[in-house]
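Reviewing the structure listed below.
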Amino acid sequence: MTNASPSTRTAPSAAIIGGGPAGLMAAEVLRAWGVEVDVYDAMASVGRKFLLAGKGGLNLTHSEGFEPFVGRFAERSAQLEPLLRGFDGPMLREWAEGLGISTFVGTSGRVFPTDLKAAPLLRAWLHRLRESGVRFHMRHRWLGWDEAGALRFAGPEGEITLQPDATLLALGGASWPQLGSNGAWVELLQSRGVDIAPLRAANCGFDVASGWTPHFAERFAGQPVKPVAIHFEGQGGRRFDRKGEFVATAGGIEGSLVYAASALIREEIAEFGSATIHLDLLPDRDAAFVAAEVARPRGPRSLSTHLKSRLGLEGLKAGLLHELLSKADYNDPARLAAAIKRLPLTLVKARPVAEAISTAGGVRFEALDDRLMLKAMPGVFCAGEMLDWEAPTGGYLLTASMASGRAAGAGAAAYLRG
Ligand SMILES: Cc1cc2nc3c(=O)[nH]c(=O)nc-3n(C[C@H](O)[C@H](O)[C@H](O)COP(=O)(O)OP(=O)(O)OC[C@H]3O[C@@H](n4cnc5c(N)ncnc54)[C@H](O)[C@@H]3O)c2cc1C
């Protein structure tokens, strides 16, 4: 592969490393400024995680107002705010419309493409980028910089180096490494003096203390429980209270309700070694009703049959009671009723980042200027999930990845124009 040297070109050049939504957005912006754009990606095709996100229905963004939207980024709201002002939920929807992809707001306020899929959007986007002159170089794994400061890549024909006028890193986090983002960039940037918050699992599952019994795991792993509420009052003042659903795993729990609480639970475990949540197995019933139904005479019926017929407690919900209560508590109507509304479950470990939906930690904003350029490396910009922010699921991850891609692209264009 050849890259024209700056002296033979009229337009400045930018290398974008990472062809996820952040890198593609940066490519779009830089190209619109007349920059020669080359996108490099380790995989055989770009946007693999984006395509995977489309499998369960591509949740592009959220329809809530700007303030609550920005609030989802918690401690990093202040840093995300200017980026999202440049590209928020409504702008993202308009942008998708420009690619011929209409969107709709689901009952939860989440925004999806009408056909729920990622592939048509990605196809239209790549087509438009190629038409505009963006060049793609697949199977090029970035290895860092050589002594002369040139970018090093392992390409299909061996190692190559190049020296673009600007470099934009959009390398993703470290979840689902089989899709290309493996977090190997952490060491490469740290060795250049870039301050990086340790990568941690976000929107992840957890292991329960001492695991499930083999009988429970065999019977219930993979099964969902719904509706259920999680109440969490951590020792460190962390609070969570929401109704939803989750799934039992071989050794713990995962799923949307767990993901929503995951940042708090993860931090509680990091600080205190464990986090005890309380499950409300009947969130639509009040405690007095549950107590009265449990205490109702049941004649010759077994307690399990009684709970199933009076309260609809069966399957995984009934299994959790058996698993987590002592025999004595299970057979005491008052204690059983109390446990149905407030069943303690102690979590001891977040699942590995490779299994998580997203990654917390990354390049600290303090290491970047307000154009998202590394203070330690002028001319090198960063965007997307590799930055130190996290957010729940709900379309916030893609919106922030794209918004930061746009901001970094605009920052690099401004830098190249001097
Ligand atoms: C199962 C799943 C479902 C999801 N669903 C949703 C959803 O519905 N809504 C939502 O908002 N978010 C969702 N997400 C999260 C979302 O997909 C990510 O936040 C987003 O893709 C991050 O974009 P990015 O461009 O920063 O990184 P990525 O999409 O991870 O792209 C990074 C790119 O960099 C490349 N790369 C990495 N290292 C190198 C290297 N050394 N050399 C060359 N190339 C390299 C990778 O191959 C990859 O193509 C989901 C994630 C998962 C795992």
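Quick check on my filter: what residues within region 391-418 are aliphatic (A, V, I, L, M) and closer than 18 Å to Met377 by Cα? Walk me through it before giving the result.
Step one: filter region 391-418 for residues aliphatic (A, V, I, L, M), giving 391, 397-398, 400, 402-403, 407-408, 410, 412-414, 416.
If the condition is that a residue be aliphatic (A, V, I, L, M) and closer than 18 Å to Met377 by Cα, then Ala407, Ala408, Ala410, Ala412, Ala413, Ala414, Leu416 are the ones that fit.
For Arg93, the conditions (1) surrounded by fewer than 14 Cβ atoms within 10 Å (Cβ to Cβ); (2) closer than 17 Å to Met402 by Cα; (3) without any contact (Cβ under 8 Å) to a residue 40 or more places away in the chain all hold with the exception of (1). Working carefully through the options Ala367, Ala376, find the one that is surrounded by 15 or more Cβ atoms within 10 Å (Cβ to Cβ) and within 29 Å of Ala74 (Cα to Cα). Step by step, each of Ala367, Ala376 is checked, and only Ala367 is surrounded by 15 or more Cβ atoms within 10 Å (Cβ to Cβ) and within 29 Å of Ala74 (Cα to Cα).
Name the single residue, out of those in region 142-183 being among the aliphatic types (A, V, I, L, M) and in contact with a Leu (Cβ under 7 Å, 6 or more places away or on another chain), that is nearest to the ligand (Cβ to nearest atom). Checked region 142-183; the qualifying residue nearest to the ligand (Cβ to nearest atom) is Leu179. For His127, the requirement of being within 28 Å of the chain's Cα centre (by Cα), under 24 Å from Ser404 (Cβ atoms) and either loosely packed, with under 15 Cβ neighbours inside 10 Å or at pLDDT below 95 (or both) is met.
Identification of strands (runs of 3 or more DSSP E) wholly contained in region 93-142 with 3 or more residues that are of a type outside the set (S, T, N, Q) yields 110-113, 135-137. Can Thr393 be described as surrounded by fewer than 24 Cβ atoms within 10 Å (Cβ to Cβ), within 10 Å of the ligand (Cβ to nearest atom) and of a type in the set (S, T, N, Q)? So Thr393 passes the test. Residue selection: Ala119 satisfies the criterion of being surrounded by fewer than 16 Cβ atoms within 10 Å (Cβ to Cβ), under 30 Å from Glu245 (Cα atoms) and in contact with a helix residue (DSSP H, G or I) (Cβ under 7 Å, 6 or more places away or on another chain).
Does Leu199 satisfy the criteria of being under 30 Å from Ala11 (Cβ atoms), out of contact with any His (no Cβ under 6 Å at 6 or more places or on another chain) and within 16 Å of the ligand (Cβ to nearest atom)?
no
The residue that is surrounded by the most Cβ atoms within 10 Å (Cβ to Cβ), among those in region 17-64 that are among the acidic types (Asp, Glu) and more than 9 Å from the ligand (Cβ to nearest atom), is Glu36. Across region 290-305, the qualifying residues are those that are part of a helix (DSSP H, G or I) and in contact with a helix residue (DSSP H, G or I) (Cβ under 9 Å, 6 or more places away or on another chain), and the one among them that is nearest to Glu218 (Cα to Cα) is Ser304.
Conditions (1) among the acidic types (Asp, Glu); (2) farther than 23 Å from Arg351 by Cα, marked per residue:
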| position | (1), (2) |
| --- | --- |
| Ala250 | no, no |
| Ala260 | no, no |
| Ser274 | no, no |
| Leu281 | no, yes |
| Glu323 | yes, no |
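The sole residue among Gly71, Gly144, Gly133 that is more than 24 Å from Leu416 (Cα to Cα) and either free of Cβ contacts under 8 Å to residues at least 12 places away in the same chain or in contact with a strand residue (DSSP E or B) (Cβ under 8 Å, 6 or more places away or on another chain) (or both) is Gly71. With respect to the conditions (1) over 24 Å from Ala248 (Cα atoms); (2) assigned to a loop (DSSP other than H, G, I, E, B), Gly394 falls short on a single one, namely (1).
Quick grid of which residues meet (1) among the aliphatic types (A, V, I, L, M); (2) surrounded by 14 or more Cβ atoms within 10 Å (Cβ to Cβ); (3) modelled with pLDDT of 95 or more:
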site: Ala184; (1), (2), (3): yes, yes, yes
site: Ile196; (1), (2), (3): yes, yes, yes
site: Cys204; (1), (2), (3): no, yes, yes
site: Val208; (1), (2), (3): yes, yes, yes
site: Arg219; (1), (2), (3): no, yes, yes
site: Ile253; (1), (2), (3): yes, yes, yes
site: Asp284; (1), (2), (3): no, no, yes
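Within region 72-86, the only residue that satisfies the criterion of being closer than 14 Å to Gly361 by Cα and of a type in the set (Lys, Arg) is Arg76.
Please verify whether Ala11 is within 13 Å of the ligand (Cβ to nearest atom), surrounded by fewer than 24 Cβ atoms within 10 Å (Cβ to Cβ) and farther than 12 Å from Trp142 by Cβ, treating the condition exactly as stated. In short, no.
The values are calculated or read from the model by the stated rules, or taken from the named source; none is laboratory data. Only a predicted model underlies this, so the values are computations on that prediction, with no experimental measurement involved. Every residue, glycine among them, receives a Cβ derived from its backbone with ideal geometry; neighbour counts consider all protein chains shown.
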